[in-house]
Amino acid sequence: MIDDKSVLIAVASHVELRHALGECYRLVQVDDLCNQELSGEANAFYSELSCFYDLWKQGFGGADYFGLVHYRRRFCGFNNVLYPVILSGLMGESITSPAQPILSERGNWLADLKTSLRSFVIPFLEVTPHEVIGLLDDADILLPNATGLFPSVGKQYERCHVASDLKEMRAVLMHMQPDYLEYFDVVLSSQSAHLFNMFICRSALAGEYAEWLFPMLEEIESRLPLQSRDQYQRRMPAFIAERLLNVFIAKRSLKAVELPVVIDLSYK
């Protein structure tokens, strides 16, 4: 509790963390979530969004501000003496266009040292409740630094996932949220996006986003045969949501502040 305002940042995970969580962070084991509406097998589709859904239904624990991060990815704060001296390779700015950590680095002592250092410094770099409240005094939402996706957001999705997902998602938007359709097209034609389903904002705004997002994800999930896909591509709702967050922000003209992301490659 800070100045009578509280912050809850959920850390979506399916593993136990190797270090203690800082103030305002709560570890949520995604595999343990068991809602009647979004549970069991659906968690394999929704990934970290099942954590978001669960806490939304719980009213975000009464917190004034809500955020969603991952066990491998955290928002980095700035009011920390370590930040300027951390090597750039430890930070999210080094992520390449596929937006996936380069796991092939493992296997030599230098790479192992780098991942160990990254894991060690994360608790010292995490954004603090003071920073969250201060930044959101003059902004609507905190987001990861935009990631370049070439030749466009839409083409990158088609290359890395199932191309027909986007056509189906557009049809769902046309049916359920037609006012957002032109922004969907703009986002897909752009060359960067905020990924990872990571954000921090006021809980009221997070609730509005959830009310907008989940009915559409459930609809597109009902239209596509996710059971027949491999384990990775079954996560279509989570992949689509990464793009839809950008659509929601653009349509509502939300003022965003970008934060670097700390990547912990010591977890698989």
Original post:
Any idea which of (1) of a type outside the set (A, V, I, L, M, F, W, C); (2) farther than 20 Å from Val257 by Cα; (3) crowded, with 21+ Cβ neighbours inside 10 Å is the one Arg170 doesn't satisfy?
Top reply: (3)
Original post:
Is it the case that the stretch 168-179 has a residue that's closer than 29 Å to Asp64 by Cα, of a type in the set (D, E, K, R) and touching a residue at least 60 places away in the same chain (Cβ under 8 Å)?
Top reply: yes
Subject >> Subset of the stretch 202-220 [surrounded by 19 or more Cβ atoms within 10 Å (Cβ to Cβ) and within 15 Å of Glu168 (Cβ to Cβ)] >> reply: Met216, Leu217, Ile220
**OP:** Can you give me the number of residues within the stretch 235-252 that are touching a Ser or Thr at 6+ places or on another chain (Cβ under 7 Å) and basic (Lys, Arg)?
**Re:** 1
Original post:
How many residues, within the stretch 42-95, are at pLDDT 55 or above and assigned to a strand (DSSP E or B)?
Top reply: 10
Subject >> Hits in the stretch 1-41 (condition: at pLDDT 75 or above and either within 22 Å of Ile220 (Cα to Cα) or surrounded by fewer than 16 Cβ atoms within 10 Å (Cβ to Cβ) (or both)) >> reply: Asp4, Lys5, His14, Val15, Glu16, Leu21, Glu23, Arg26, Leu27, Gln29, Val30
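The values are calculated or read from the model by the stated rules, or taken from the named source; none is laboratory data. This one's a predicted model, so the numbers in the text were calculated from it and none came from an experiment. Glycine also receives a Cβ, built like all others from the backbone with ideal geometry; neighbour counts cover every protein chain displayed.
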